[in-house]
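Participant: This is the structure I want to talk about, given as structure tokens.
Read-outs throughout are calculated quantities, based only on the coordinates presented, and are distinct from any laboratory measurement. Small disclaimer: the values here were computed from a predicted structure and weren't measured. Cβ placement follows ideal geometry from the backbone for every residue including glycine, while neighbour counts extend to all protein chains displayed.
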Amino acid sequence: MTVEYPSAKELMDRASEQTGLDDFGEPTFLEGLDVMRESLAADVPYGPADREKAINLIVRRLANRLQIEAWFAAHPGAENAPIENPISIVGLPRTGTTALGNMLSLEPQFRSLRAWEQEQPCPPPRLEDEERDPRRVAYVTMVENLLRDDPEQAAMHLWDADASVEDTEVLGLEFRSQQMTMPIWRYHDWWRKGDMRPTFAYHARVARLLQSSRPPNRWLFKAPHHKFHLDHMVDAYPDIRFVFTHRDPVKSVPSYASFVASLYPPEVVAKIGKEKIGREIHSHLLTGMHQAMAAREKLGPDRFLDVHHADFVARPMEELERIYDWLGMELTNAMRQRFETWREENHSGAHGAHRYTAEEYGMSPEQLREDFDFYIRALDIPSRRLGAHA
């Protein structure tokens, strides 16, 4: 039985009441908003409290749109500010994208996209006082509480207030984020097939807002889900290049299913079932890799640098040197030391073990290997039996 969610108009009215504003910008967000509402109602067995959280998330994103339009009305010159040679770290989830992204976020020549500034972009952060920014302080407190209440999250994911994270909230302003924090299967199916070019244009607009008082303007994005629409991202960022991370799908796909399930309320996981979650994640990531490989062929090899997880774990400094060389950047001794210190504190297993099995999510190594064979062969990815978890 489905549960009705407020209409788009009702949600927009709530955001207007909160902000005192009424200009949402171009109506490109409305289709995604409707699909998300419909999928929440049809797919997700939320209880009242979690349903209200989902509604509040939607209203917050609408309120952010209103504030963004008001900010640009007051700062029209920012619309055309340059963004120089951005990079995006992409690949299957659980292939080292977060570790690599967190390390490269230490490089001051890059502008990281932080979680706390995405969730409330206005006013744009200021370099001189961002450590004391209430949004950052609140985020640090939230992470501390999360890791205290659910210590396994530290083993599954690296939480860093100053590192680039997935741009879920920026894409969510257009209601075209991957949104794996919710089991909205119909929305996911719609999203995979969608035209993301207007969304990435809006994405670049938000990047210009965020960099306005907080240089530099060379963005470091980290989002495995960019692989679904690589060519659409190039439309908004013509100079973008992609660091593509790789790992045996026999390891990465079940690991991601386990991580995603941990984001859902336990009662929702119990109602849906882990095998259903596993099937959805398997199909989702397989589609994404097919789309990524097609886009790689279309865009040409010069935009891509491949980094294999096994190489990055065994020889991280060599892989970082290779990335810097590819980008035409100098890797200084000071940065080498910062990277080494980070690695000592955050190496694999430093924060505990992520425990799961492929079978509990309805997956078999043999089927994963067969389904992803086109990718394993094309990128020469070592494939082996599911062993140590990560």
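Participant: For the stretch 226-232, take each phi angle, set θ = phi - 60°, evaluate the Karplus expression 6.51 cos²θ - 1.76 cosθ + 1.60, and give the result in whole Hz per residue in order, putting x for glycine and proline.
Facilitator: 3J(HN,Hα) across the stretch 226-232, in whole Hz: 4, 4, 5, 9, 4, 5, 5.
Participant: So what is the relative contact order for the stretch 8-378, in percent, with contacts set as C-alpha pairs under 8 Å and at least six apart? The partial results should precede the final answer.
Facilitator: Values: 499 pairs, mean separation 88.6, N = 371.
It rounds to 24 percent for the stretch 8-378.
Participant: Here is a further query. Between residue 89 and residues 5 or more places away or on another chain, which pairs have amide H atoms under 5 Å apart, with H built 1.01 Å from N, and which residues are they?
Facilitator: Excluding prolines and chain starts, which carry no amide H, the hits are 221, 222, 223, 243.
Participant: What relative contact order, as a whole-number percentage, does the stretch 71-202 give when Cα pairs under 8 Å and 6 or more residues apart are counted? Mind dumping the intermediate values first?
Facilitator: Working: 86 pairs, mean separation 31.7, N = 132.
It comes to 24 percent, rounded to a whole number.
Participant: If I build a Gaussian network model for the chain, linking alpha-carbon pairs within less than 10 angstrom, which residue out of 43, 306, 149 has the largest mean-square fluctuation?
Facilitator: 149
Participant: Which listed residue (76, 229, 376) has the Cα farthest towards the positive end of the charge dipole for the stretch 8-378, taking +1 on Lys and Arg C-beta and -1 on Asp and Glu C-beta about the Cα centre?
Facilitator: About the Cα centre, the residue reaching furthest to the positive side is 376.
Participant: Moving to a separate point now. Mind checking the dipole of the stretch 226-381: about its Cα centre, +1 per Lys or Arg Cβ, -1 per Asp or Glu Cβ, Debye to the nearest 20? Before the final figure, lay out each step's value.
Facilitator: Details: 19 positive and 26 negative charges, 70 e Å.
Computed about the Cα centre, the dipole is about 340 debye.
Participant: Net charge within 11 Å of residue 243 by Cβ-Cβ distance, Lys/Arg positive one each and Asp/Glu negative one each, not counting residue 243 itself? Walk me through the intermediate numbers first.
Facilitator: Details: positive: 222, 241, 303, 322; negative: 306, 319.
Charge balance near residue 243 sits at +2.
Participant: Taking the Cβ of residue 295 as the centre, find all other residues whose Cβ is under 9 Å away and add up their charges (Lys, Arg: +1; Asp, Glu: -1).
Facilitator: Values: positive: 227, 296, 298; negative: 231, 297.
In short, +1.
Participant: Then there's this: What does the charge add up to near residue 79, with Lys and Arg as +1, Asp and Glu as -1, over the other residues with Cβ less than 9 Å from its Cβ? Intermediate results must be reported in sequence, preceding the final value.
Facilitator: On the way: positive: 205, 208; negative: none.
Once all neighbours under 9 Å are counted, the net charge is +2.
Participant: A further question follows. When the helix-only estimate is applied to the chain (DSSP H runs of n ≥ 4, each -39,500 (n - 2.57), divided by the residue count), what is the mean residue ellipticity at 222 nm, nearest 500 deg cm²/dmol? Spell out each step's value before the answer.
Facilitator: Working: 19 runs with 216 residues, N = 390.
Result for the chain, helices only: -17000 deg cm²/dmol.
Participant: Cross-link partners among aspartates and glutamates for residue 274, C-alpha distance below 16 Å, same-chain residues fewer than 8 apart left out?
Facilitator: Answer for residue 274, where 16 Å is the Cα cut-off: 43, 359, 360, listed by chain and number.
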